[in-house]
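The values are calculated or read from the model by the stated rules, or taken from the named source; none is laboratory data. Because the structure is a prediction, the values reported are computed rather than measured. With ideal geometry, Cβ positions are generated from the backbone for all residues, glycine too; neighbour counts draw on all protein chains shown.
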Amino acid sequence: MSAVGVLSSAASSVTYDFGQVSGGPAPAGTPPWVEASFSDVGMPSDTVQLTLTAENIAPGAYVSCWYFNINSLLTPTSLHFTQTGSAGSFGGPTISTGANTFKAGPDGKFDILFGFNSTGDDSTRFTSGDSVTFSISGISGLTVQDFNELSTSVAGGAGAYTSAAHIESGPNDCPSWVNPSVTTQIQGNADTRPVPDASSTITLLGASLAGIEALRRKLKFRALR
């Protein structure tokens, strides 16, 4: 039995900043053009929050597709997505899941696809300044690290990536395939404030009483001499 107990708390996140191009020209705007962040902060167990943000793409450009992976030991079709927040004006995405089902240009095959509106204008498309947040659940033990997985490479592809986004500008412009250039990970750290448990308190109290009694007897013996 340990002498002290430990209070622990978890707060983890994985954030992808997209500043790398794997296909087509670089999008107009300043990289990172878009960002995706998985977090468990304030979430129930087995639940992860995902926020997608179109940060720095130029006016008129928009995200049409966004791809992610999940731990290969898990079943992506079991995931449940609930939109919990948004900013800006755009049509909500369709969400499709399937193991190694979605080919993202030169970037291999992914397990999760967010499909955004490609028609209309900036009021209906996912463009600069827009963001959307989802709660993801449906799998026991789900964590943010389950989404930190590489795509399945294909012959002649550009490589394996943790995520990919398709950014378009218009019918006469070549679309861009972009990937994370920076990945920021924060792991939950234990709060190591010592908290004595009941058995430790009893043991320490017993030892203290025994020490006091021994000292009392020693002082009494000296007084008798």
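General observations
- Qualifying residue in the stretch 49-58 (condition: of a type in the set (Ser, Thr, Tyr) and under 27 Å from Ser12 (Cα atoms)): yes
- Residue among Ile57, Ile112, Ile136 that alone is over 15 Å from the mean Cα position of the chain (by Cα) and hydrophobic (A, V, I, L, M, F, W, C): Ile57
- Selection of the stretch 92-128 for residues being assigned to a loop (DSSP other than H, G, I, E, B), surrounded by fewer than 15 Cβ atoms within 10 Å (Cβ to Cβ) and not hydroxyl-bearing (Ser, Thr, Tyr) yields Gly92, Gly120, Asp121.
- Residue list for the stretch 147-166, filter: within 20 Å of the chain's Cα centre (by Cα) and assigned to a loop (DSSP other than H, G, I, E, B): Asn148, Glu149, Leu150, Ser151, Ala160, Tyr161, Thr162
Each row is one residue, and each column tells you yes or no for (1) among the polar types (S, T, N, Q); (2) in the same structural domain as Ala158 (by TED's automatic domain parsing); (3) more than 21 Å from Pro180 (Cβ to Cβ).
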| residue | (1), (2), (3) |
| --- | --- |
| Asn71 | yes, yes, no |
| Thr75 | yes, yes, yes |
| His80 | no, yes, yes |
| Ser86 | yes, yes, yes |
| Ser89 | yes, yes, yes |
| Pro93 | no, yes, no |
| Phe110 | no, yes, no |
| Thr124 | yes, yes, yes |
| Asp130 | no, yes, no |
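- Top-ranked residue of the stretch 30-62 - restricted to ones that are in contact with a Leu (Cβ under 8 Å, 6 or more places away or on another chain) and of a type in the set (Val, Ile, Thr), ranked as nearest to Pro106 (Cα to Cα): Val34
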